[in-house]
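K.L.:
Attaching a single structure in structure tokens format; questions to follow.
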Amino acid sequence: MTAPVVAVVGGGQLARMMAPAATALGLHLRVLVESPTSSAAQVVVDAPVGAASDEAAIIRLAEGADALTFEHEHVPNALLDRLEAAGVAVHPDAAALVHAQDKIVMRTRLAALGIPVPAWAALASPADLARFLADHGGEAVVKTSRGGYDGKGVRVVRSADEAADWFAAAADGGAPLLVEEKVPFTRELAVLVARRPSGETRTWPVVESVQREGVCSEVVAPAPDLDPATQAEAVDVATRIARGLGVTGVLAVELFEVADAAGGPPRVLVNELAMRPHNSGHWTIDGAVTSQFEQHLRAVLDLPLGDTAPRSTWTVMANLLGSTLEDPTLALADVARLDPGAKVHLYGKEVRAGRKLGHVNVSGEDLADVRRRAVRAVALLHGDPSARREHDPADAPAGT
């Protein structure tokens, strides 16, 4: 019996977290890693080294694979077209993936599909930006159309001069620019939807994503106090995008929740798309019947999709962003001693300030308790000495 082979471009933590799901399903995971010490290379046996821009390396990666997929979007679109023409099952395919690679293409297509998005415009010159600012309250968000993530490639401006260096870079062959209204959102939400080639889709509960300095810090599943009408709209928007763009695999739709001027339920506007497992779905590893990583593998192989129901009333995911410890594993004993229910996921990365080194999931029936425990566990992994103290019996997590 020959196990199905899934080839993955990118050797970061997302590919690393596909490995346990692939093992459980009996699949063979082959990952193109950036270096022999990358996150995925530490846990995946079949991990050839190569760059996502290396056509020969990706062709070798795809040989004999039942599906080719990605843990990031930075793959040349023309190469994917050639692979598809040669008969490789690419998921998501090049026609879909371009919407996660290029924000101008994404905004244009979503508007054509009738998906709610912020007011926006492509920028050909500083004069275009000056006009947009004049029409939208004197403040707006300028973005590079390609390459931005985790707050990079995003800048709030009040004059065209504040983006002069970006216009110069674009004129010198860099990514074109776009501008969006500065949305007065109340919070950020996210919906994950999985779709397989035969058309079946499933979504997980809508979550709240807490950002700090442009980087996701916490995810609360499900989003607290979410109006049922807003929840239904968010799920509908995500499903329409997945179907309208022909996405296969997991799609993350990041949303702004915006108050309704007429006093009705809050509405949503689409902020960003990611066509792969996503930070907003890490809670599913421990908090849902089927994790986003297992679901992505099922989807790209066109297998029936798994149940997305939550296992607990609440799950909070807290990211570990940097650490004062030489190695966060030094704090594992403290985390386990203080909270046996905290699920730690470390990525095997070298410590750098602000770098995503791992995350912690905590599930339970009391949101305040669950959130406190997740934040404390991350503080321990970060090396915060105040988090190391023994808790009182009254502070013990439920069931201890």
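The values are calculated or read from the model by the stated rules, or taken from the named source; none is laboratory data. Quick caveat: nothing in here was measured; it's all calculated off a predicted structure. We place every Cβ from the backbone using ideal geometry, glycine too, and count neighbours over all the protein chains shown. Just so you know, the surface numbers come from the protein's heavy atoms only, side chains and all, with ligands and any DNA or RNA stripped out. Shrake-Rupley method; radii C 1.70, N 1.55, O 1.52, S 1.80 Å.
K.L.:
Between a first residue in the range 362-384 that is closer than 16 Å to Thr329 by Cβ and free of Cβ contacts under 8 Å to residues at least 60 places away in the same chain and a second residue that is open to solvent by 20 Å² or more (accessible area, probe 1.4 Å) and not in a strand (DSSP E or B), which pairs have beta carbons less than 6 Å apart while being 6 or more apart in sequence or on different chains?
P.N.:
Hits for this filter: Leu380/Asp334.
K.L.:
Restricting attention to the range 245-263, report how many residues are in contact (Cβ under 8 Å) with a residue 12 or more places away in the chain, open to solvent by 30 Å² or more (accessible area, probe 1.4 Å) and farther than 21 Å from Gly147 by Cα. First the steps, then the outcome.
P.N.:
Step one: list which residues in the range 245-263 are in contact (Cβ under 8 Å) with a residue 12 or more places away in the chain, which gives 245-259.
Narrowing the set further to residues that are open to solvent by 30 Å² or more (accessible area, probe 1.4 Å) leaves 254, 259.
Adding the requirement that they be farther than 21 Å from Gly147 by Cα leaves 259.
The qualifying residues number 1.
K.L.:
Between residues in the range 120-133 that are closer than 20 Å to Arg109 by Cβ and residues that are among the small types (Gly, Ala, Ser) and part of a helix (DSSP H, G or I), which pairs lie under 9 Å by C-beta distance while being six or more apart or on different chains?
P.N.:
Every condition considered, the pairs that remain are Trp120/Ala111; Leu123/Ala163; Leu123/Ala170.
K.L.:
Quick one: in the range 1-13, which of the residues that are in contact with a Leu (Cβ under 8 Å, 6 or more places away or on another chain) and at pLDDT 95 or above is surrounded by the fewest Cβ atoms within 10 Å (Cβ to Cβ)?
P.N.:
Result: Pro4.
K.L.:
As an exercise: evaluate Arg16 against (1) open to solvent by 20 Å² or more (accessible area, probe 1.4 Å); (2) touching a Ser or Thr at 6+ places or on another chain (Cβ under 9 Å); (3) without any contact (Cβ under 8 Å) to a residue 40 or more places away in the chain and give the number of the one condition it does not meet.
P.N.:
Just one mismatch for Arg16, condition (3).
K.L.:
Can I ask one more? Determine which single condition Ala336 fails, assuming it passes every other condition in (1) surrounded by fewer than 23 Cβ atoms within 10 Å (Cβ to Cβ); (2) small (Gly, Ala, Ser); (3) touching a residue at least 12 places away in the same chain (Cβ under 8 Å); (4) over 18 Å from Gln13 (Cβ atoms).
P.N.:
Failed condition: (3).
K.L.:
For the range 298-333, which residues satisfy the criterion of being open to solvent by 70 Å² or more (accessible area, probe 1.4 Å) and either of a type in the set (Val, Ile, Thr) or touching a His at 6+ places or on another chain (Cβ under 9 Å) (or both)?
P.N.:
Correct list: Thr324 only.
K.L.:
Residue by residue through the range 352-365, note down the ones that are open to solvent by 40 Å² or more (accessible area, probe 1.4 Å) and more than 19 Å from the chain's Cα centre (by Cα).
P.N.:
Residues satisfying the conditions are Arg352, Ala353, Glu365.
K.L.:
I'd like to know if the range 282-301 contains one or more residues that are outside any helix (DSSP H, G or I), closer than 22 Å to His99 by Cβ and polar (S, T, N, Q).
P.N.:
Within the range 282-301, none of the residues are outside any helix (DSSP H, G or I), closer than 22 Å to His99 by Cβ and polar (S, T, N, Q).
K.L.:
So which residues in the range 100-119 are open to solvent by less than 20 Å² (accessible area, probe 1.4 Å) and either assigned to a loop (DSSP other than H, G, I, E, B) or free of Cβ contacts under 8 Å to residues at least 60 places away in the same chain (or both), if there are any at all?
P.N.:
Gln101, Ile115, Pro118
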